[in-house]
1. Considering only region 44-70, how many residues are modelled with pLDDT of 90 or more and under 16 Å from residue 86 (Cβ atoms)?
2. From (1) at pLDDT below 80; (2) under 11 Å from the mean Cα position of the chain (by Cα), pick out the condition that doesn't hold for residue 84.
3. Might you let me know whether region 104-114 holds any residue that is assigned to a helix (DSSP H, G or I) and surrounded by fewer than 23 Cβ atoms within 10 Å (Cβ to Cβ)?
Amino acid sequence: MPRLRRFLRLTTLKRRLFVQAFLLLEFVRLGLWILPFRTLRCLLSRVSKGPTKPRSTGRPSPEEIAWIVEVASRHSPRAKTCLTQALAAQILLTRHGYPALVHLGVLRGKQEQFQAHAWVESEGRIVIGGGRELERYAHLGILKQERSTTE
């Protein structure tokens, strides 16, 4: 019951964004599990071009979108991985008219130690996944997402 009360205290915009984030996290998590990555990226590209609100003062900031994704991931089993969160955040950012780059890196270190990480950059700032010491990760690449053309 406390979770429901906290949810109902959110603004309408944040409640809608939470539901979208939760559903996207589930979609991404399932897609990562059963689909080839290239196929999943193609599907996510289509989803990101869905309906979006025009730029206005009522749209969420990139930081609010990242916060909602992080909160929604706590309520979704096995959606706590950085890649799942990064891909979901990228879609929401793109749908709200923000640029979104998913960066992929691997931990530098001993050969037997392999740790990958994903984080999202928007407008020159890291909005999700930046809590780690990112300079320790060897940068592998960037996953770009085109802005929605339905604005």
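1. We begin by selecting, within region 44-70, every residue modelled with pLDDT of 90 or more; these are 60-70.
After this cut, where a residue has to be under 16 Å from residue 86 (Cβ atoms) as well, the list is 62-63, 65-70.
Total meeting the criteria: 8.
2. All conditions are met except number (1).
3. Filtering region 104-114 down to residues assigned to a helix (DSSP H, G or I) leaves none.
Within region 104-114, not a single residue is assigned to a helix (DSSP H, G or I) and surrounded by fewer than 23 Cβ atoms within 10 Å (Cβ to Cβ).
The values are calculated or read from the model by the stated rules, or taken from the named source; none is laboratory data. Just so you know, these numbers come straight off a predicted model, no measurement behind them. As a convention, Cβ positions derive from the backbone with ideal geometry for all residues, glycine included, and neighbour counts pool all protein chains shown.
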